[in-house]
Amino acid sequence: MTQHIAELQMYTAPEPVHQANERWLARILEHLGGNRRDADGLSLPDVWLSPHLLLTQTCGYPLMTALCGKVRVLGRPRYELPDSSGGNHCSLILARTDDARRTLADFRGSRGVINGRDSNSGMNLLRHRLAPLQRDGRFFARVGISGSHRESLRWLREDLADLAAIDSVTFAFLARHAAEEVAGLRVIERSALSPTLPYITSATVSDQQAEALLQAMNQALRELPEVAEILGLPQVLPASESDYQVVLDYQREAEALGYGELI
């Protein structure tokens with residue numbers, strides 16, 4: 001029996017979300033009649049570009065840059081969560097509740113934190129929102145890189161940074177299942193909308209195989225209503241690479257205003 005890589009590594013916390021994703025993947029593979037290949041030790045780029053890839057999730061920004069033309073987009077999740085619906089999500093730009101600053105402009109010269117330079121929700125959407133407010137190509141006094149949204153939240157809580165952009169799906173999962181991780185923080189502003197993180201497969205997958213996989217994903221959600229409830233995910237919508245052109249449009253808009261680097 002064919003062995004495939006099937007990993008959902010973008011939303012791995014809190015634990016109920018991780019377990020729901022695992023149950024969903026197992027049911028998808030049941031429908032397709034495949035076995036799951038061990039992906040332990042593989043980095044996200046390794047998973048994304050593996051010739052054995054059946055199903056994973058990536059970020060819209062690397063999809064349109066490092067992965068452009070190298071993977072196949074299957075669909076995008078229609079989350080129905082606070083600040084995420086209809087196939088779109090946004091970034092919540094957060095600060096501590098006890099910070100006296102109230103508007104984004106008030107945070108000019110503050111300490112920023114991003115999860116990574118290749119992140120749409122943590123960097124690109126934040127850069128787009130801050131671009132009209134920058135001066136001479138700068139907004140922050142300094143910008144740290146935390147490595148993950150959860151770490152960025154910790155930096156805020158522990159006064160290691162003042163402002164961060166957090167994916168609204170991540171925030172909703174934490175608010176529901178690990179409220180202590182978002183305690184003491186508040187939304188200063190929301191970013192522009194962006195398509196939710198795409199599900200991808202290997203570029204070698206045929207049209208027929210891709211359609212069967214999308215159908216299996218949605219059938220599994222219908223069969224596992226408790227999983228769909230935990231994930232806030234009633235449906236996976238069809239999608240293509242062109243749906244994510246807006247991610248690069250946001251980059252160009254920021255560059256046109258002289259804010260190509262988030263600093």
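The values are calculated or read from the model by the stated rules, or taken from the named source; none is laboratory data. Being a predicted model, the structure only gives us computed values, none of them experimental. All Cβ positions, even for glycine, are placed from backbone atoms using ideal geometry, and neighbour counts span all protein chains on display. These accessible areas exclude ligands, DNA and RNA; they are computed on the full protein's heavy atoms, side chains included. Shrake-Rupley method; radii C 1.70, N 1.55, O 1.52, S 1.80 Å.
From the list Leu237, Leu231, Leu224, the one residue that fits, being over 30 Å from Met123 (Cβ atoms) and either within 18 Å of the chain's Cα centre (by Cα) or open to solvent by less than 40 Å² (accessible area, probe 1.4 Å) (or both), is Leu224. Look at Phe139 and say whether it is open to solvent by less than 30 Å² (accessible area, probe 1.4 Å), touching a residue at least 60 places away in the same chain (Cβ under 8 Å) and out of contact with any Cys (no Cβ under 8 Å at 6 or more places or on another chain). For Phe139, the condition - open to solvent by less than 30 Å² (accessible area, probe 1.4 Å), touching a residue at least 60 places away in the same chain (Cβ under 8 Å) and out of contact with any Cys (no Cβ under 8 Å at 6 or more places or on another chain) - is met.
Would you call Asp38 part of a loop (DSSP other than H, G, I, E, B) and modelled with pLDDT under 95? Please lay out each step first, then the result.
Working: part of a loop (DSSP other than H, G, I, E, B): yes; modelled with pLDDT under 95: yes.
For Asp38, the condition - part of a loop (DSSP other than H, G, I, E, B) and modelled with pLDDT under 95 - is met.
Looking only at region 73-90, decide whether some residue is under 17 Å from Glu189 (Cβ atoms), in contact with a Gly (Cβ under 6 Å, 6 or more places away or on another chain) and among the hydroxyl-bearing types (Ser, Thr, Tyr). Within region 73-90, none of the residues are under 17 Å from Glu189 (Cβ atoms), in contact with a Gly (Cβ under 6 Å, 6 or more places away or on another chain) and among the hydroxyl-bearing types (Ser, Thr, Tyr).
Might you check whether a residue that is acidic (Asp, Glu), under 30 Å from Leu231 (Cβ atoms) and surrounded by 15 or more Cβ atoms within 10 Å (Cβ to Cβ) occurs anywhere in region 145-157? The answer is yes; a qualifying residue exists. Would a scan of region 41-54 turn up a residue that is at pLDDT below 95 and of a type in the set (Asp, Glu)? Yes: region 41-54 contains one or more residues that are at pLDDT below 95 and of a type in the set (Asp, Glu). Within region 6-38, being open to solvent by less than 50 Å² (accessible area, probe 1.4 Å) and either touching a helix residue (DSSP H, G or I) at 6+ places or on another chain (Cβ under 6 Å) or not assigned by the TED database to the domain that holds Gln57 (or both) holds for Ala6, Glu7, Leu8, Tyr11, Pro14, Val17, Ala20, Trp24, Ile28.
Residues checked against (1) of a type in the set (D, E, K, R); (2) more than 16 Å from Thr58 (Cα to Cα):
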residue	(1), (2)
Asp162	yes, yes
Arg186	yes, yes
Ser194	no, no
Thr201	no, no
Val205	no, yes
Val247	no, no
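For residues in region 190-206 being under 19 Å from Tyr250 (Cβ atoms) and crowded, with 18+ Cβ neighbours inside 10 Å, which is nearest to the chain's Cα centre (by Cα)? Only one residue tops the list, namely Leu197.
Hey, can you tell me all the residues within region 46-64 that are touching a residue at least 60 places away in the same chain (Cβ under 8 Å) and either touching an Asp or Glu at 6+ places or on another chain (Cβ under 6 Å) or open to solvent by 10 Å² or more (accessible area, probe 1.4 Å) (or both)? Matches in region 46-64: Trp48, Ser50, Pro51, His52, Leu54, Thr56, Cys59, Tyr61, Met64. For region 96-187, please list each of the helices (runs of 4 or more DSSP H) lying entirely inside it that holds at least 2 residues being modelled with pLDDT of 95 or more and under 21 Å from Leu44 (Cα atoms). Passing ranges, in order: 149-157, 168-177. In this entry, Tyr259 passes the filter for residues that are open to solvent by less than 20 Å² (accessible area, probe 1.4 Å) and touching a helix residue (DSSP H, G or I) at 6+ places or on another chain (Cβ under 6 Å).
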